[in-house]
Amino acid sequence: MQTIEINKIPALTWNWMKMNKGSISDDFDLSVKEPAIQSNTNVEISKKGLITSLPFSVSANGKQIEDIISQIVKNPQYIELSKENTEPIIFNFEYDENEKSATSQIIHAQKDTNATLIYLYTSKNQECFSAIQTKVYLEENAFVHIIKVQLLGANANQSDDTSFVCGENAKAKFTQIELGAKNVFSGLHTTLYGYKSEFVSNVGYLCKDSQNLDMNHVVIHNGQKSTCNMNVNGTVKDEAVKVYRGTIDFKNGCKGAKGNEMEETLLLSPKVVNKSIPIILCDEEDVEGEHGCTIGKLSSDILFYMQTRGISENEIKKLMTKAKIMAVSDEIPNQEIKDKIEDFINKAI
């Protein structure tokens, strides 16, 4: 059994807060997994790819888990996107009992590409472990929407790392829904390298029972007039533990850049553990940055208003929890997957 650091925050805070990093323990005896692909357009997959026009991507999960994945997956899947990829590409990850696997992909979006890629993770309630690494490179004027939907069984464990590197006028969009599993370590790292590059993310989650959800989201502004907007919205209940680290880093030279991050967390139990740390780092004067968190229970005004209309407190909590997730799922251009999300929530609450 090996214990490694994961989701280490870029700028360390006080150790007593126990938020600087997470840890994951496993024997990491992983096999290579390649997902089933569903697409109405031809998807070219090769084992080797080289992107030289943009800088290398950075892992938010951290170097230790990245090294483990690279040792297992010698030749990552390389997928090149072009203007022909107009329909969503769906990657289906179905995990078997006691399966332990790693997947590594490099997504290269050529100039003027407009593409949507959906990742769906499912399993039964048996124990399994998955390590996912997705690196996305966007050339000039490209648009890529990455959607990750995690509907794993109650005994699953996952590390899921997504990184974007955006060229001039490129736009990356990230939508993530976290509902299942026992332990989830979600990493997101975006480098806004090009002039007027843009990043938007929307994350929805439900953390219940004794689940552990650990998130580390980082956006680096290098390009002038680059913009980012990060939104995280979810519910923590029962005896669950949730950690969110959100960092916007304005590097020297990113004049005119704008960054915003906001988290809203609904707490439905006095036994939950919630840790949120929004951070803005700045090495440039001509920038605009905003961040904030809204954390708390349902307000007495909302409870009173809805109870006067015949809705019980328990039903109110269910409605508010479901509304947060379904608002994010509206970003998904696939009704079948949206129905799976709603069915999963209905069973969970």
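The values are calculated or read from the model by the stated rules, or taken from the named source; none is laboratory data. Being a predicted model, the structure only gives us computed values, none of them experimental. Neighbour counts run over all protein chains shown; Cβ positions are idealised from the backbone, glycine included. Heavy atoms of the whole protein, side chains included, go into the accessibility calculation; ligands, DNA and RNA do not. Shrake-Rupley method; radii C 1.70, N 1.55, O 1.52, S 1.80 Å.
Of note:
- Residue that is modelled with pLDDT of 95 or more, polar (S, T, N, Q) and within 19 Å of Tyr195 (Cβ to Cβ), where the choices are Thr247, Thr227, Thr235: Thr227
- Taking the numbered list (1) in contact with a Ser or Thr (Cβ under 9 Å, 6 or more places away or on another chain); (2) among the hydroxyl-bearing types (Ser, Thr, Tyr); (3) loosely packed, with under 14 Cβ neighbours inside 10 Å in turn, Thr308 passes all entries but (1).
- In segment 277-296, the residues that are open to solvent by less than 70 Å² (accessible area, probe 1.4 Å) and in a loop (DSSP other than H, G, I, E, B): Glu284
- A count restricted to segment 105-132 and to residues that are open to solvent by less than 10 Å² (accessible area, probe 1.4 Å) and assigned to a strand (DSSP E or B) stands at 14.
- Scanning segment 320-328 turns up no residue that is more than 21 Å from the chain's Cα centre (by Cα), open to solvent by less than 70 Å² (accessible area, probe 1.4 Å) and within 28 Å of Asn7 (Cα to Cα).
- Qualifying residue in segment 153-163 (condition: within 30 Å of Glu127 (Cβ to Cβ), open to solvent by 10 Å² or more (accessible area, probe 1.4 Å), touching a residue at least 12 places away in the same chain (Cβ under 8 Å) and in contact with a strand residue (DSSP E or B) (Cβ under 8 Å, 6 or more places away or on another chain)): yes
- Listed by position, the strands (runs of 3 or more DSSP E) enclosed by segment 226-276 include none that has at least 1 residues that are without any contact (Cβ under 8 Å) to a residue 12 or more places away in the chain and open to solvent by 10 Å² or more (accessible area, probe 1.4 Å).
- Given (1) open to solvent by less than 80 Å² (accessible area, probe 1.4 Å); (2) within 30 Å of Glu198 (Cα to Cα); (3) touching a residue at least 12 places away in the same chain (Cβ under 8 Å), index of the condition Ile302 fails: (2)
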